[in-house]
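> First the structure, which I've put down as C-alpha cells, then a few questions once you've had a look.
Values quoted throughout were computed directly from the atomic coordinates according to the rules given, and no laboratory measurement underlies them. Small disclaimer: the values here were computed from a predicted structure and weren't measured. Cβ placement follows ideal geometry from the backbone for every residue including glycine, while neighbour counts extend to all protein chains displayed.
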Amino acid sequence: MFLGHAHVVSVDEERNFATHDMRSWRELSHRTLNGHAATSPDALRTVSAAFMLPQIIVVTLYDRMPKKEVKLTRHNIFARDKHTCQYCSKVFDVRELNLDHVVPRDKGGRTTWENLVTSCIRCNTRKGNKLPSEARMFPLQEPRPPRWRPFFSSVRETRTCESWRFFLEHAG
C-alpha cells in the first residue's frame, strides 16, 4: 500500500465496496477509530498515526498472472479424491493412503492427473502392477485435473471474515 502496489477494499453495512489508496485509508481510519486506536485490537499503530487493519486488499500492480493449473502433488491428489480410496470407496487418514497409477508406468502409464488416483495400501497391493481390466479394479471416478485452487478450498474450511464471503463465493 505504501508503494502504491495495493489498495484496501472496504465494505459498508449495505455490502457496497470502495477502494482506498494509502492517503484515503489513513483518513478513513482516523475518522473510524476516532481516538480509540490505543484500545482497538483492529488498529495498527505507528509513531505518528493509527490505521485500521484491512481485511481485503487488491493488488494493483503485478508482473505476472498467477498460474491457473493446480500443481500435481500427492497432497493435491488426496484432496481431489477427498482422501477416499478410489477402489474400495473408504475414507482413510493420509498415512494409510498411496497413489496408484491406473495404467502402470511399465505399461505406458504416465504420472499425470488423468492416470493417478488415491488408493489405500490394501487395494494398491491387491491391484499390483496390473491394468484395471486385468485386476478387475476400476476407479470410482475418472481421474481428471481439479478445477479448484487448493488455497481457496483450505480458506473455505477455516473461519473466514464475513467481508471475504463475496470474493470466495466467486473464486471458483
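> Dipole of region 74-135, Cα-centred, from +1 at each Lys and Arg C-beta and -1 at each Asp and Glu C-beta, to the nearest 20 debye? Working shown, then result.
Working: 12 positive and 7 negative charges, 12 e Å.
Magnitude of the dipole: close to 60 debye.
> Something else now. Measure off 7 Å from each Cα along the Cα-to-Cβ vector at Lys130 and Ile56, then give the distance between these two points in nanometres to one decimal.
Modelled inter-label distance: 5.4 nm.
> Next up: Using a Cα distance threshold of under 17 Å, what count of lysine pairs results for region 74-135 when pairs must be 8 or more residues apart or interchain?
Values: Lys82/Lys90; Lys90/Lys127; Lys107/Lys127; Lys107/Lys130.
Eligible lysine pairs with Cα atoms under 17 Å apart amount to 4.
> If amide H atoms are built 1.01 Å from N in the plane of the peptide, which residues on other chains or at least 5 residues away come under 5 Å of the amide H of Leu44?
Amide H neighbours of Leu44, under 5 Å, 5+ apart: Phe51, Met52, Leu53.
> Under the rule of at least 5 residues apart or a separate chain, name every residue whose amide H is placed under 5 Å from the amide H of His83.
Sorted by chain and number, the residues that satisfy this come to none at all.
> Do the sum for the chain: with -39,500 (n - 2.57) for every DSSP H run of n ≥ 4, divided by all residues, what is the mean residue ellipticity at 222 nm, to the nearest 500 deg cm²/dmol?
Values: 6 runs with 43 residues, N = 172.
The helix-only estimate for the chain comes to -6500 deg cm²/dmol at 222 nm.
> In the neighborhood of Ser48, defined by Cβ-to-Cβ distances under 15 Å, what is the net charge if each Lys or Arg adds +1 and each Asp or Glu adds -1? Write out the running numbers ahead of the final one.
Numbers: positive: Arg23, Arg26, Arg45; negative: Glu27.
Net local charge, Ser48 excluded: +2.
> Work out, in µm²/s and without decimals, the Stokes-Einstein translational diffusion coefficient of region 31-107 at 4 °C, 1.567 mPa s, Rh from Kirkwood over C-alpha pairs. Write down the numbers at each step before the final one.
On the way: Rh = 18.1 Å.
In µm²/s, the coefficient is 72.
> Efficiency by 1/(1 + (r/R0)^6): what FRET value for Phe17 and Leu44, r their Cβ-Cβ distance, R0 = 30 Å, to the nearest 0.05? Don't skip to the answer; put the middle values down first.
Working: r = 21 Å, r/R0 = 0.71.
After rounding, the FRET efficiency stands at 0.90.
> Please report, in Å, the Rg and the Dmax of the chain, where both are computed over Cα atoms only.
In order Rg, Dmax, the Cα atoms of the chain give 24.1, 74 Å.
> Short version: ³J(HN,Hα) in whole Hz for each residue of region 121-133, in order, from phi by Karplus 6.51 cos²θ - 1.76 cosθ + 1.60 (θ = phi - 60°), x for Gly and Pro, what are they?
Using θ = phi - 60°, the values come out as 4, 4, 5, 5, 5, 5, 6, x, 9, 10, 6, x, 5 Hz.
> Note down, for region 80-127, the three equivalent ellipsoid semi-axes (square root of 5 times each alpha carbon gyration tensor eigenvalue), biggest first, whole angstrom.
Semi-axis lengths for region 80-127 are 19, 11, 8 Å.
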